[in-house]
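The values are calculated or read from the model by the stated rules, or taken from the named source; none is laboratory data. Predicted model only: the values in this text are computed from it and were never measured. Methodologically, a virtual Cβ is constructed for each residue, glycine included, from the backbone with ideal geometry; neighbour enumeration extends over all protein chains shown.
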Amino acid sequence: MAEQHAPAPRDPAPYDALLLLSFGGPEGPDDVVPFLENVTRGRGIPKERLKEVGQHYFLFGGVSPINAQNRALLDALRKDFAGAGLDLPVYWGNRNWAPYLTDTLREMVLDGRRRVAVLATSAYASYSGCRQYRENLADALSALEAEGLPLPRVDKLRHYFNHPGFIGPMVEGVLASLADLPEDVRADAHLAFTTHSIPDAAADGSGPVAEHGRGGAYVKQHLDVARVIVDAVREETGVAHPWRLVYQSRSGAPHIPWLEPDICDHLEELHGEGVPAAVMVPIGFVSDHMEVLYDLDTEATAKAAELGLPVRRSATVGADPRFAAAIRDLLLERAAAERGKAVERCALGELGPSHDLCPIGCCPARSERPAAAGADSPYA
């Protein structure tokens, strides 16, 4: 796959810091239930039920890998910035566990940071993948305002699902997984592109209003990424592998429709059709966090073994240096745009680069809550 990178300016102005904003996860058995209480706050879920859900974490010693992966990405970003001559500090804050977003923003303010670019570890448009992070930013700014601290301006960088630095490592991961399959099943292997299932209603309302409809921007963006990867794999191997977008990690009430099919159901379907092998490609996830380790590496892999279906799971992007360089590209293009410069934006596929500023009505909230870094932000 040919990757086209526009020459990037090296001036980060007006930004004086980058904030890596992520989900967070427990780092020991005692953290699991408090972490899940943070995740589900306001939903009235009993503690006993949270303990049941926490069994996924207890299987891995009560530790989610996401914080370690964010530390690795921080290190990769700092190395990339230094290598590119970009003198910009990088901070890290989480939605649901330490280091908490409000604490990190307070630290940034006390360090004198006043204009902050924000990179969320979610590449696609959806309420939980975009607007909820913007609501978290507004909550943190409100807390700092109540403390009498000066408020920084925060700008969330655009969705990067179709950036070459995000897609390239995933293509490489699919090729490696195919090569790892037995030779006699490799050419006929199916590709199962997986992402987090969300309620149908949330998917239908994802993205700007013009993109609302069945599946919304959330499904369209994933399908576009899958097509790009399939085309790149065909260019490399000469094989056009059959593929489908499927879902995982569903939660919530069973009577509410969520995106389907589930990955395990899909594997059963493939087996029933006589498909000889499959590669699970987690395009919806930035790193190998718990939902990848449990839902794919544990649950779906066990289902495949039960069926006698050879499967491999391709790698997520994680802290790949190409992804770190992509984040630098996103930061510098936004900085140039904020200075009024014309910018060539990197994007593969048919959808083109996403918007810088979330418009009104984009991924609407479940309830009325202020959100930063958008056209409707009270913190301009």
Within segment 277-322, the residues that are in contact with a strand residue (DSSP E or B) (Cβ under 9 Å, 6 or more places away or on another chain) and over 27 Å from Gly61 (Cα atoms) are Ala277, Ala278, Val279, Leu309, Pro310
Qualifying position, being among the charged types (D, E, K, R) and under 30 Å from Val53 (Cβ atoms), among Asp288, Asp356, Asp320, Asp329
Asp288
Among the residues of segment 168-199 satisfying the criterion of being of a type in the set (A, V, I, L, M, F, W, C) and in a loop (DSSP other than H, G, I, E, B), which is surrounded by the fewest Cβ atoms within 10 Å (Cβ to Cβ)?
Ala187
Tell me which strands (runs of 3 or more DSSP E) are completely within segment 217-336 and hold 2 or more residues being surrounded by fewer than 22 Cβ atoms within 10 Å (Cβ to Cβ), or say none if there are none.
243-248
Qualifying residues in segment 25-45 (those that are assigned to a helix (DSSP H, G or I) and either outside the structural domain of Ala98 (by TED's automatic domain parsing) or touching a residue at least 60 places away in the same chain (Cβ under 8 Å) (or both)) - the one surrounded by the most Cβ atoms within 10 Å (Cβ to Cβ)
Phe35
Where residues in segment 301-345 are of a type in the set (Val, Ile, Thr) and more than 20 Å from the chain's Cα centre (by Cα), which of them is farthest from Leu175 (Cα to Cα)?
Val343
Quickly run through segment 46-70 and pick out the residues that are basic (Lys, Arg) and surrounded by 13 or more Cβ atoms within 10 Å (Cβ to Cβ).
Lys51
Taking into account only those residues within segment 204-213 that are more than 21 Å from the chain's Cα centre (by Cα) and free of Cβ contacts under 8 Å to residues at least 24 places away in the same chain, which is surrounded by the most Cβ atoms within 10 Å (Cβ to Cβ)?
Gly213
For Arg95, the lone unmet condition from (1) basic (Lys, Arg); (2) over 30 Å from Gly215 (Cβ atoms); (3) touching a helix residue (DSSP H, G or I) at 6+ places or on another chain (Cβ under 7 Å) is (2)
